Amino acid sequence: PGASVFASYSKNLSAPNTDVLYGSLYTGIAPEPETSHSVDVGVRYQTSTVQAQVTGWYNRYENRLATAYDPIADRTITRNLGGVDKYGFDGSIAWKPSEPVLFYVFGSYLESDINDDIQLGEDDFAPTAGKREAGAPKFTLGARTQFDLGPVEFGAQVKRTGSRYLNDINTIELPGYTVADLDARLSLGYFDEDLDKAYFQLNVMNLFDEVYIGSAPTGLTTSGEFVNIGAPRAFTASLVWGF
């Protein structure tokens, strides 16, 4: 009784939006609408202390739309990658051994495959056949633990993002990175019932001050002149008052 299985299939259409069409005035090429077929199958398990789920999925794209900002041209450029197959799995487990304690682990694995070389000019093709789509990490792994101690909640989490390619010809690979965060929340309603919707929260982001590439403008043959460094260690405090 704690287990269930599920499956779904969908056929999707993603037409270029207004910004994409305006951007095509710069490139001279309007991207075609993207279509896709999506299938996912999974299993869930749930008891009073455990919630777990594993899902396998497969997406088949035609005229795959990929968008990135070009800092030199100061334009957002959208390109068609033709046929792309993407597939992988996602999983998570949450365990609550007692009321104040929660442990959560999650992960995903992703594969992508561009089917053909992309035409750049009359007789010029980018060697993208069999390559991974740019910007998609190969995997992610993470965990979180949380403790509810009366008026105070403590939490800590860590996430590992795998490497990903900067361009669709897979000549530049951005390294993976790990970021850890801490958070604490003090419920003011514990001291005064009129303040049951108010709390004070403290967050520490990027606890170990990891230097990493958070994002980068991807492209067919992007060479990596511009990347965005992830945020350094930061502390925030907030007072939230609900009505």
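Points to keep in mind about this one:
- Tilt relative to the chain, helix 18-27 - C-alpha long axis, 0 to 90 degrees, to 10: 40
- Cβ-defined net charge surrounding Arg64, 13 Å radius [Lys, Arg +1; Asp, Glu -1]: -3
- With all protein chains in place and ligands, DNA and RNA left out, the 1.4 Å accessible area ranks Phe226, Phe106, Phe191 as Phe191, Phe226, Phe106, largest first.
- Formal net charge of residues neighbouring Gly155 (Cβ-Cβ distance under 14 Å; K, R +1; D, E -1): 0
- With all projection directions averaged, the alpha carbon convex hull of the chain covers 17.1 nm².
- Over 17 Å [Cα-Cα, the range 159-243], rounded percent: 62
- Rounded, prolate or oblate (a/c below 1.5 giving rounded, otherwise prolate when a/b exceeds b/c) for the range 104-150 by Cα gyration tensor: prolate
- Per-peptide packing, taken as the mean over residues of other Cβ atoms within 10 Å, places 56-64, 116-124, 194-202 in the sequence 56-64, 194-202, 116-124 from highest down.
- Highest-first arrangement of 43-51, 125-133, where packing means the average Cβ count within 10 Å: 125-133, 43-51
- Radius 14 Å from Cβ of Gly189, net charge of other residues (Lys, Arg +1; Asp, Glu -1): -4
- Calculated [θ] (222 nm, deg cm²/dmol) that DSSP helices of n ≥ 4 give over the chain, each run adding -39,500 (n - 2.57): -1000 deg cm²/dmol
The values are calculated or read from the model by the stated rules, or taken from the named source; none is laboratory data. Note that the structure is a prediction, hence the values are computed from the model and not measured. No Cβ is skipped: glycine too gets one built from the backbone with ideal geometry, and neighbour counts run over all protein chains shown. Calculation scope for accessible area: heavy atoms of the full protein, side chains included, ligands and nucleic acids excluded. Shrake-Rupley method; radii C 1.70, N 1.55, O 1.52, S 1.80 Å.
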